[in-house]
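Undergrad: Here it is, the structure, as structure tokens.
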Amino acid sequence: MNQVEVLAHPNVALIKYWGKRDETEKIPASPSLSITLGGLETRTSVSKSGDDTIFIDGQSVSDQKISQWLDRLRREYDIPQLMIESSNNFPKNCGFASSSSGFAALAVAIDELCGLNLDFASLARITRLGSASAVRSLLSGYVAMNPDDQRCVPVQIVPPDYWNLRVVAAVTSTEPKLTSSTGGMAQTVATSPFYQNWVVQTEDDFERCSEAIQNRDFNTLAELSEANCYRMHALMMTTLPPLRYWRAGTMSAIDTIERLRHDGVPVFFTSDAGPQIKAICEPEAIATVKDALDDTDGVLFTLESDIGNAPTISAR
Ligand code: DP6
């Protein structure tokens with residue numbers, strides 16, 4: 001086979017992962033739970049080449065995270081030098097989880113191109129060695145990743161059509177973030193006095209959130225997701241040196257969502273290691289939520305998404 005192209009979607013965690021229990025195998029310290037974002041896409045094509053060459057969104061890049069991952073995989077698998085071309089229909093490196101769809105797409109493409117024939121647990125492992133949150137992008141719908149399952153294989157809680165929630169992502173900056181997730185969370189583990197508490201609390205949030213999804217209980221899901229998101233950002237701020245990913249536009253977008261909910265609109269927010277806000281809502285509220293966020297000072301633009309699918313091999 002000469003070339004493989006894979007389409008994958010990023011995911012956004014409602015119950016977050018922030019901190020590893022095992023740095024070598026990249027095992028998170030606590031369980032996490034996400035939705036796969038169907039409207040956001042990464043297309044990655046991989047072919048054999050004389051040298052490793054990486055193009056992201058049309059630009060030649062030297063991406064240390066990808067290069068170190070390839071070096072690691074080559075210690076265990078027969079993988080030739082590769083030409084990798086990846087493009088996203090959303091901004092990358094600014095808290096938009098592009099590494100989740102990026103590594104999911106790359107792992108699936110390399111498995112196929114190199115004929116590795118990996119079982120799902122091994123595919124999840126190589127994906128995790130790239131980026132732990134990317135493992136959740138290997139499945140569609142509402143997805144759990146629990147490190148208590150020693151292999152840390154993702155599990156689908158329910159498929160996309162079980163609960164047709166929608167997402168409006170509000171982009172408040174496209175500047176690359178100053179501290180990567182990998183580096184930031186290692187600093188948190190080493191320095192935040194609240195880290196152990198975070199791990200224990202997140203285990204509880206995870207169980208309750210899985211149940212809320214199974215019951216399609218919007219209010220409980222909203223309450224748990226926002227609480228878990230605030231706790232993660234509080235934890236980040238108690239790291240030394242402090243990590244603060246939110247900016248003025250982020251706070252304005254949160255104000256908008258709070259006001260909408262106060263007025264009875266079924267919407268809540270979450271936010272990762274960056275200044276963007278993702279608003280999750282019932283389908284009938286999507287236009288109201290999008291209009292309100294588009295009208296918010298500091299919001300540059302919005303992107304809409306439904307709950308999406310697992311990676312697909314789109315061309316060989
Ligand atoms: C805030 O998966 O990017 O998005 O495993 O070191 O690559 P590495 O980190 P990464 O961290 C994701 C953090 C998060 C929360 C989440 O997606 O669970």
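Undergrad: Accessible area, 1.4 Å probe, largest first: how do Met237, Met145 sort?
TA: Order by accessible area, largest first: Met237, Met145.
Undergrad: Using a Gaussian network model of the chain with C-alpha springs under 10 Å, which one of Asp205, Asp57, Asp119 is most mobile by mean-square fluctuation?
TA: The residue with the greatest mean-square fluctuation here is Asp119.
Undergrad: From the cross-link list Lys48/Lys177; Lys65/Lys290; Lys20/Lys290; Lys16/Lys48; Lys26/Lys278; Lys65/Lys92, which pairs have alpha carbons spaced over 24 Å apart?
TA: Lys48/Lys177; Lys65/Lys290; Lys20/Lys290; Lys16/Lys48; Lys26/Lys278
Undergrad: Now for a separate question. Evaluate the distance, in nm, between pseudo-label points positioned 7 Å from the Cα of Thr288 and of Phe301 along their respective Cα→Cβ axes.
TA: 2.7 nm
Undergrad: Leaving ligands, DNA and RNA out of it, report the carbon-plus-sulfur percent of the accessible area of the range 1-81 at a 1.4 Å probe.
TA: The computed percentage sits at 42.
Undergrad: Okay, moving on. Give me Rg over Rh for the range 18-71, both radii from the alpha carbons and Rh done the Kirkwood way, two decimal places.
TA: Radius of gyration over Kirkwood radius for the range 18-71 works out to 1.06.
Undergrad: Right, another one. Which residue fluctuates the most in the chain, going by a Gaussian network model with Cα springs under 10 Å, if the choices are Arg43, Arg166, Arg216?
TA: Between Arg43, Arg166, Arg216, it is Arg216 that shows the largest mean-square fluctuation.
Undergrad: Zone of Arg21 (label point 7 Å along Cα→Cβ, backbone N under 13 Å): which residues in the range 146-173?
TA: Residues passing the 13 Å test: 146-153.
Undergrad: Hey, another quick one. Take the solvent-accessible surface of the protein heavy atoms, probe 1.4 Å, and return the percent of it on the range 198-256 that carbon and sulfur atoms account for.
TA: Heavy-atom surface of the range 198-256 belonging to carbon and sulfur, 1.4 Å probe: 51 percent.
Undergrad: Out of Lys20, Lys65, Lys290, any idea which swings most in a Gaussian network model of the chain, alpha carbons joined below 10 Å?
TA: Lys65
Undergrad: Summing Lys, Arg as +1 and Asp, Glu as -1, what charge do residues with Cβ under 14 Å from the Cβ of Phe55 carry, Phe55 excluded?
TA: Spelling it out: positives minus negatives among the neighbours equals -4.
Undergrad: Per q in 0.14 Å⁻¹, report the Debye log10 I(q)/I(0) for the chain, using one uniform scatterer on each alpha carbon and no solvent.
TA: For the chain at q = 0.14 Å⁻¹, log10 I(q)/I(0) is -1.06.
Undergrad: Among Phe206, Ala134, Phe90, whose Cα projects farthest towards the positive end of the dipole of the chain, with charges put on the beta-carbon of Lys, Arg (+1) and Asp, Glu (-1)?
TA: Ala134
Undergrad: Ok, one more. Run lengths n ≥ 4 of DSSP H only: what is the helix-derived mean residue ellipticity at 222 nm for the chain, with -39500 (n - 2.57) per run over all residues, to the nearest 500?
TA: Value at 222 nm, helices only, nearest 500: -11500 deg cm²/dmol.
Undergrad: While we're here: For Glu258 and Asn197, calculate 0.36 nm times their separation in residues minus their Cα-Cα distance, and state this gained length in nm to one decimal.
TA: Extra length from Glu258 to Asn197 when fully extended: 19.3 nm.
Undergrad: If you find the alpha carbon centre of the range 1-69 and of the range 170-247, how far apart are they in angstrom?
TA: The distance from the Cα centre of the range 1-69 to that of the range 170-247 comes to 20 Å.
Undergrad: A further question follows. Post the alpha-carbon centroid distance, the range 290-306 to the range 254-280, in whole angstrom.
TA: Value for the Cα centre distance between the two parts: 11 Å.
Undergrad: Based on the Cβ-Cβ distance from Arg74 to Arg151, what FRET efficiency comes out when R0 is 25 Å, to the nearest 0.05?
TA: 0.70
Undergrad: OK, next. Just the number please: accessible area per residue for the range 189-274, 1.4 Å probe, all protein chains included, in Å².
TA: On a per-residue basis, the range 189-274 sits at 48 Å².
Undergrad: Considering only the other residues whose Cβ falls under 13 Å of the Cβ of Ala292, what net charge follows from Lys and Arg at +1 and Asp and Glu at -1?
TA: -4
The values are calculated or read from the model by the stated rules, or taken from the named source; none is laboratory data. This is a predicted model, so every value here is computed, not measured. When we count neighbours, we look across all protein chains shown, and the Cβ atoms used for this are built from the backbone with ideal geometry, even at glycine. Just the protein is used for accessible areas: all its heavy atoms, side chains included, with ligands, DNA and RNA removed. Shrake-Rupley method; radii C 1.70, N 1.55, O 1.52, S 1.80 Å.
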